[in-house]
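Data first, discussion second: the structure below is written as structure tokens.
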Amino acid sequence: MIRELSEKEFQDTFGVKMTNITQLEIDNPVEIWKYVAKLREENLILTKVLNQKIIEGVYRNDSKTFDHVLIPSKISNIFVVIIVDLVKKNIFGHFTLDLNEKYGITTNRKV
């Protein structure tokens with residue numbers, strides 16, 4: 001089952017600072033690809049993103065309680081952010097982050 005987070009739930013997973021940990025080797029990472037497969041079933045991401053396990057970036061909050069895993073959507077600058085709860089060692093949910101809307105970017109380009 002997938003769970004879409006509200007804006008408030010998403011914002012509550014941030015810390016004062018988010019650190020890019022994309023290049024770090026993570027010990028015992030939480031498995032996200034079954035969740036990503038369900039996102040694909042809901043047509044939120046492209047099949048190639050799932051098949052090639054494409055991750056745009058991973059960011060950790062400063063209290064080390066949540067990771068944000070950015071997965072490309074079907075539209076440029078829109079990401080499905082999977083929120084990993086590092087305390088409970090599970091997936092808290094996901095949020096669709098639209099950078100086009102957030103920063104006033106106009107594009108119709110598909111990935």
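If I filter the range 58-74 for residues that are of a type in the set (Val, Ile, Thr) and over 16 Å from Phe10 (Cβ atoms), do I get at least one hit? Spell out how you get there, then give the answer.
Applying the first criterion (of a type in the set (Val, Ile, Thr)) to the range 58-74 yields 58, 65, 69, 71.
Now restrict to residues that are over 16 Å from Phe10 (Cβ atoms): none.
No, that holds for no residue.
Could you list, in sequence order, all residues of the range 3-44 that are surrounded by 14 or more Cβ atoms within 10 Å (Cβ to Cβ), at pLDDT below 95 and among the hydrophobic types (A, V, I, L, M, F, W, C)?
Once the filter is applied, which keeps residues that are surrounded by 14 or more Cβ atoms within 10 Å (Cβ to Cβ), at pLDDT below 95 and among the hydrophobic types (A, V, I, L, M, F, W, C), the range 3-44 yields only Leu44.
Being in contact with a strand residue (DSSP E or B) (Cβ under 9 Å, 6 or more places away or on another chain) and not in a strand (DSSP E or B) narrows it down to one residue among Leu39, Leu70; which is it?
The match here is Leu39.
Does Ile55 fit the bill of being within 15 Å of Ile82 (Cα to Cα) and part of a loop (DSSP other than H, G, I, E, B)?
yes
Looking at Lys48, Lys88, Lys64 in this structure, which one is surrounded by fewer than 19 Cβ atoms within 10 Å (Cβ to Cβ), over 8 Å from the mean Cα position of the chain (by Cα) and not in a loop (DSSP other than H, G, I, E, B)?
Lys48
Can you tell me how many residues within the range 67-82 are surrounded by fewer than 20 Cβ atoms within 10 Å (Cβ to Cβ) and either modelled with pLDDT of 95 or more or at positive phi (or both)?
3
Would you mind telling me which numbered condition in (1) exposed (fewer than 13 other Cβ atoms within 10 Å of the Cβ); (2) among the charged types (D, E, K, R); (3) at pLDDT 95 or above Glu101 fails?
If we test Glu101 against (1) exposed (fewer than 13 other Cβ atoms within 10 Å of the Cβ); (2) among the charged types (D, E, K, R); (3) at pLDDT 95 or above, just (3) comes out false.
The values are calculated or read from the model by the stated rules, or taken from the named source; none is laboratory data. Nothing here was measured: the structure is a model prediction, and the numbers come from that model. Note that we place each Cβ from the backbone using ideal geometry, even for glycine, and neighbour counts take in every protein chain shown.
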